[in-house]
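The values are calculated or read from the model by the stated rules, or taken from the named source; none is laboratory data. Nothing here was measured: the structure is a model prediction, and the numbers come from that model. Methodologically, a virtual Cβ is constructed for each residue, glycine included, from the backbone with ideal geometry; neighbour enumeration extends over all protein chains shown.
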Amino acid sequence: MNVKEAITFPLNSRRDTLRLARELAIGLCAGDLVVLSGELGVGKTFLARGMCRAMGLPQHIRVTSPTFTLIHELDTHPPALHVDLYRLESSLDVQNLGLLSRRDEGKVLLVEWGEPWISELGGDALIIALSGYPRGARLTSSGARSAKMLAHLKESRQEEKSINNSSIDQ
């Protein structure tokens, strides 16, 4: 994994997390891989739910952790798979899920506990490491496409900061 740059976002509230989820979702394209890491209860599923809502998933459809089913297919735009690889033990286990072919079909993969399996998932992942104390997200990329996503997110945040600062000056 070739990580070139990291961006850190404080997540002081649920609103901050949902804002990050919306910003991430806007930049997702068919076949993208987003890996969510962090300790139990840190907000991986909450962030995935926020991203799915921002990709058009209706409020009445529940987004829960796929801990036992491993994969939840969600009718978003583009279509997404919410995956939990916590209980898997080998590369073969991951390969047998067929996630790489689903990604090739254009599914966005939102994968909890997927960091050890990035190459089995096709590589080039946007990696979001969530922390609990202080609450925050550290985003890194492992390939060209995810680096582009990261740069776009950084640019949009800088533009927003610039707009906010100019409105304060007025």
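General remarks:
- Extreme residue, surrounded by the fewest Cβ atoms within 10 Å (Cβ to Cβ), among residues of the stretch 72-97 that are within 15 Å of the chain's Cα centre (by Cα) and of a type in the set (V, I, T): T76
- Summed over the stretch 1-38, the residues that are touching a Ser or Thr at 6+ places or on another chain (Cβ under 8 Å) and farther than 14 Å from L126 by Cβ give a count of 2.
- For the stretch 46-83, a residue qualifies if it is β-branched (V, I, T) and part of a loop (DSSP other than H, G, I, E, B), and the qualifying residues are I61, V63, T64, T67, T69, T76.
- Filter pass, V35 being closer than 16 Å to L153 by Cβ, crowded, with 17+ Cβ neighbours inside 10 Å and touching a residue at least 24 places away in the same chain (Cβ under 8 Å): yes
- Hits in the stretch 11-36 (condition: more than 18 Å from A80 (Cβ to Cβ) and either among the polar types (S, T, N, Q) or touching a strand residue (DSSP E or B) at 6+ places or on another chain (Cβ under 6 Å) (or both)): L11, N12, S13
- Enumeration of residues in the stretch 98-138 that are among the charged types (D, E, K, R) and either surrounded by fewer than 20 Cβ atoms within 10 Å (Cβ to Cβ) or not in a strand (DSSP E or B) (or both): R102, R103, D104, E105, K107, E115, E120, D124, R135, R138
- For the stretch 25-49, the set of residues classified as farther than 17 Å from G132 by Cβ and either under 11 Å from the mean Cα position of the chain (by Cα) or at pLDDT below 95 (or both) consists of A25, I26, G27, L28, D32, L33, V34, V35, R49, listed by residue number.
- Some residue of the stretch 84-97 being touching a Gly at 6+ places or on another chain (Cβ under 8 Å) and either part of a strand (DSSP E or B) or touching a residue at least 60 places away in the same chain (Cβ under 8 Å) (or both): no
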